[in-house]
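The values are calculated or read from the model by the stated rules, or taken from the named source; none is laboratory data. Keep in mind that what you see is a predicted model, and the values were worked out from it rather than measured. Cβ sites come from the backbone with ideal geometry, for glycine too, and all protein chains shown count toward neighbours. Protein only, heavy atoms only, side chains kept; ligands, DNA and RNA dropped before computing areas. Shrake-Rupley method; radii C 1.70, N 1.55, O 1.52, S 1.80 Å.
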Amino acid sequence: MFATASASFIRRGARTAIPSFDRMRQSRYFHLTPQALEKLNVQGLAERVNLEGQNVLMRVDLNVPLSKEDDVTVTDDTRLRAIVPTAKFLLDKGANIILCSHFGRPKGEIIETGKNGRLNPVVGPLKELLGVDVKKVNDCMGPEVEEAAKSLKKGDVLLLENTRFYKGETKNDPELSAGLGKLADYFVMDAFGTAHRAHSSTAGVAEHMKLSAAGFLLDKELKYLKGAVDEPNRPLCAIIGGAKVSTKLPVIESLIEKCDTILLGGGMIFTFYKALGYNIGKSMVEEDYIELAGKLMKQAEEKGVKLLLPPDVVLADKFAEDATTAVAKANEISGDWMGLDVGPETLELFEEEIGKSNTIVFNGPMGVFEMKPFATGTVRVAELMAQATDRGATTIVGGGDSVAAVNQAGLGQRVSHISTGGGASLELLEGKVLPGVAALTEV
């Protein structure tokens, strides 16, 4: 027996197929909200303005992991590579690019090295990826930075220092916004991972620009995440995992209004089991959300949406990689056992449901992905996503651990889209307006 809010599947009338993503990529504009307010993107900017010799401030996400051995070597350049299409487009138009990013969480302190430090480690990799010299300054506003910006010539690239060396960055400080605004006349937002934050460098700075546009990365994220959920090629299936139900409740509630099937995994499932009256042993649970979990299951049933919980789980006698493990039915957990992954019967169920779906969104791990004995569920879902892509389904992966699982399995090229934003992805799926998008120029 497995827990499910509803075993029924209700058709909701005629379905609208999602527009071709090739055509969407060629479009100059994307839709921001249900009211379809159009925002300018970088192609539209280049059509409006001759960018040759113009300074363009480009907000990017350069938060790359550094080697634990030297705190300098970039160990994964995925986020650096993600900015290349927009940067090269601007360079081809003759623009001077001023790159702007935060790095870690220095909380207003100047830290020389490490994951919260200066942006020096990314200079070399950026030079190699962009094929041009990258100059760096040790601040992100002030007279020296303004002078460096004024001296830029056609096709130059300037990297500003870590914006979070200023405490006001995360508070959308007007002074910092204005300081950044003095460096350029045009702004391109291409940091989707921070688009849900109303910070000086993501939103406030746009008030000081002649025009503000979305870069290719942000544009693509919005088109996939909004398009696939708002106008999916049905059936639409969402696979939602993660440790805490509290962080996923809003997105699950939103997806109930849009999905045909929702598959749940990760530590949050035990809060749902508790709502069903199951014994969960020593598994994690958020007591304050048990009632809400029960309401979500009822809501899904009333909507005719399949909200499926794992019928079995992988148990451990301790939270450790060398733990003794066992597999149990979801309603047969007892004693001091704790659930750390979904079980084999669950993966068969998920394979069946994913196989029926034409649009699949995967956000959050199925288990304690960091420990090899409990990574099977997450890796298997990644494989099922790749198989679905191969047969023509639209597949979207968002969230740090789910992205890591797909990449580590060597399947990154076999999904339709890998999102670069965790929190931003969730808020977009919830239907929220992202401040970093709202600030862009309307068409």
- What whole-number value in cubic angstrom gives the convex hull volume per residue for the C-alpha atoms of the stretch 323-443? 145 Å³
- Rounded to the nearest 10 Å², what accessible area does HIS199 show when all protein chains are kept and the probe is 1.4 Å? 20 Å²
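For the chain, what does the relative contact order come out to in percent, with C-alpha contacts under 8 Å and a separation of six or more?
Relative contact order comes out at 18 percent.
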- Item | the chain, accessible surface, carbon-and-sulfur percent (1.4 angstrom probe) | 47 percent
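Per 0.36 nm of contour for each residue apart, how much would the distance between ASP185 and ASN279 grow if the chain were fully extended, relative to their Cα-Cα spacing? Show your work: numbers first, answer last.
Working: separation 94, 0.36 × 94 = 33.84 nm, distance 6.06 nm.
Separation in residues times 0.36 nm, less the Cα-Cα distance, equals 27.8 nm.
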- Message: I need the Debye-formula profile for the chain: one equal scatterer per C-alpha, no solvent, reported as log10 I(q)/I(0) at q = 0.07, 0.11, 0.13 1/Å, two decimals.
- Response: -0.37, -0.88, -1.13
- Pick out which of GLY168, GLY265, GLY421 has the largest mean-square fluctuation in a Gaussian network model of the chain, springs linking Cα atoms closer than 10 Å. GLY168
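In what order, largest first, do ASP401, ASP390, ASP92 sit by accessible area if the probe radius is 1.4 Å? Can you show the working numbers first?
Details: ASP401 55, ASP390 100, ASP92 130 Å².
Largest to smallest exposure gives the sequence ASP92, ASP390, ASP401.
Counting only heavy atoms of protein chains, what accessible area per residue, in Å², does the chain have with a probe of 1.4 Å?
Working: 18580 Å² over 443 residues.
That works out to 42 Å² per residue.
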- DSSP loop GluC sites (Glu not before Pro) with at most 12 other Cβ within 10 Å excluded, longest remaining stretch of the chain: 113-256
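Roughly speaking, what is the stretch gain from LYS135 to THR75, that is 0.36 nm per residue apart minus the C-alpha to C-alpha distance, in nm to one decimal?
On the way: separation 60, 0.36 × 60 = 21.60 nm, distance 2.18 nm.
Difference between extended and current length: 19.4 nm.
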- Note on the structure: Contact order relative to length for the stretch 174-243, counting C-alpha pairs under 8 Å separated by 6 or more residues, stands in percent at 33 percent
- Mind checking the angle between helix 344-356 and the chain's longest principal axis? C-alpha axes, 0 to 90 degrees, to the nearest 10. 60 degrees
- Task: Could you pull the accessible area for THR394 with a 1.4 Å probe, rounded to 10 Å²?
- Result: 20 Å²
- Can you give the convex hull volume per residue for the Cα atoms of the stretch 260-376, as a whole number of Å³? 101 Å³
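Based solely on its DSSP helices, what 222 nm [θ] is calculated for the chain when runs of n ≥ 4 H residues each add -39,500 (n - 2.57) and the sum is averaged over all residues, nearest 500 deg cm²/dmol?
On the way: 16 runs with 143 residues, N = 443.
Calculated from helices alone, the mean residue ellipticity at 222 nm is -9000 deg cm²/dmol.
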- Amide H contacts of ASN55 (H built 1.01 Å from N, under 5 Å, at least 5 apart or other chain): ASN96, ASP185
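Considering just Cα atoms, how many Å³ per residue does the convex hull of the stretch 83-241 enclose?
Details: hull volume 23.0 nm³, N = 159.
Hull volume normalised by residue count: 144 Å³.
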- Task: Could you tell me the accessible area of CYS237 in Å² (1.4 Å probe, neighbours in place), rounded to the nearest ten?
- Result: 0 Å²
- Query: For the chain, which longest stretch is free of loop sites, where a loop site is one of the chymotrypsin sites (Phe, Trp or Tyr not before Pro) that DSSP puts outside H, G, I, E and B and that has at most 16 other Cβ atoms within 10 Å?
  - Reply: 10-318
- Once fully extended, how much extra length lies between LYS127 and VAL433, figured as 0.36 nm per residue of separation less the alpha-carbon to alpha-carbon distance? 106.7 nm
- Message: Probe radius 1.4 Å, ligands and nucleic acids left out: which of ASP288, ASP260 has the largest accessible area, and how do the rest follow?
- Response: ASP288, ASP260
